[in-house]
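Report on the structure given below.
Each value in this text was obtained by applying a stated rule to the coordinates, not by laboratory testing. A quick note: this is a predicted structure, and the numbers were derived from the prediction, not measured. Heads up, the Cβs are rebuilt from the backbone with ideal geometry, glycines too, and the neighbour counts pull from every protein chain shown.
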Amino acid sequence: MSGRVVHFEVPFDDGDRARAFYGAIFRWTLQDMPGMDYTIAMSGPVTETGEPEESGFINGGMFQRGPDTPRSPVLVVDVGDIDETLARVAEYGGTVVQGKQPVGEMGFAAYFRDTEDNVIGLWETAGG
């Protein structure tokens with residue numbers, strides 16, 4: 001179902017330091033994604049495919065903060081069509097931060113800035 005928060009992201013300046021911090025504080029299981037410069041953060045028990053085994057939590061990720069990436073943590077919302085959603089964002093006064101980008105063969109991501117200056121992520125599952 002679209003419109004649900006399905007993921008979170010935490011930017012970092014020092015990946016080793018951030019992974020050590022979040023791993024120790026919250027006991028998240030952290031897994032680097034080869035070739036993607038991204039760390040998956042599992043905040044609860046997961047199946048072999050990485051899906052939550054129980055309700056009540058979502059998993060997330062961590063990435064290197066850069067000049068064109070979000071500066072603070074981001075909520076990621078599932079949508080059926082990123083392009084359509086970004087058009088509605090613009091119609092209602094938001095702006096695109098990063099347009100639709102493929103994420104391996106899993107799906108697509110994008111970021112927008114809302115009318116309150118918050119950056120929100122979008123996720124569209126491939127073939128969904």
query = For the chain, what does -39500 (n - 2.57) per DSSP helix run (n ≥ 4), summed and divided by total residues, give at 222 nm, in deg cm²/dmol to the nearest 500?
reply = -5000 deg cm²/dmol
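Multiplying the sequence separation of residue 51 and residue 32 by 0.36 nm and subtracting their Cα-Cα distance, what value in nm do you get? Spell out each step's value before the answer.
On the way: separation 19, 0.36 × 19 = 6.84 nm, distance 1.65 nm.
So the extension gain works out to 5.2 nm.
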task = List the extent of the Cα atoms of region 1-66 along each of their three principal axes, largest first, rounded to whole Å.
result = 33, 25, 20
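Please work out the Kirkwood hydrodynamic radius for the chain, using every pair of different C-alpha atoms, and report it in angstroms with one decimal place.
Values: mean 1/r = 0.0651 Å⁻¹.
Kirkwood radius, the chain: 15.3 Å.
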query = In nm, to one decimal, how far is the residue 113 label point from the residue 24 one, both placed 7 Å along Cα→Cβ?
reply = 3.5
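What does the charge add up to near residue 87, with Lys and Arg as +1, Asp and Glu as -1, over the other residues with Cβ less than 13 Å from its Cβ? Write down the numbers at each step before the final one.
Numbers: positive: 88, 100; negative: 81, 83, 84, 91.
Taking every other residue near residue 87 into account, the sum is -2.
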remark   = In whole Hz, the Karplus estimates of ³J(HN,Hα) for region 57-69 (6.51, -1.76, 1.60; θ = phi - 60°; x where Gly or Pro) are 8, 10, 9, x, x, 9, 8, 5, 5, x, x, 10, 10
request  = Would you mind working out the magnitude of the charge dipole of the chain relative to its Cα centre, with +1 at each Lys and Arg C-beta and -1 at each Asp and Glu C-beta, to the nearest 20 Debye?
outcome  = 320
note = Spelling it out for residue 6: with amide H atoms placed in the peptide plane at 1.01 Å from N, the residues 5 or more places away or on another chain with amide H under 5 Å from its amide H are 76, 77, 78
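Take every DSSP beta bridge whose two residues both sit in the chain, then give the antiparallel share in percent to the nearest 5. Each step should come with its number before you reach the end.
Values: 27 of 35 bridges.
Bridges in the chain are about 75 percent antiparallel.
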query = Can you list the chymotrypsin sites (Phe, Trp or Tyr not before Pro) in region 23-128 that are in a DSSP coil and have 14 or fewer other beta carbons within 10 angstrom?
reply = 57, 92
ask   = Mind checking the angle between helix 15-26 and the chain's longest principal axis? C-alpha axes, 0 to 90 degrees, to the nearest 10.
value = 80
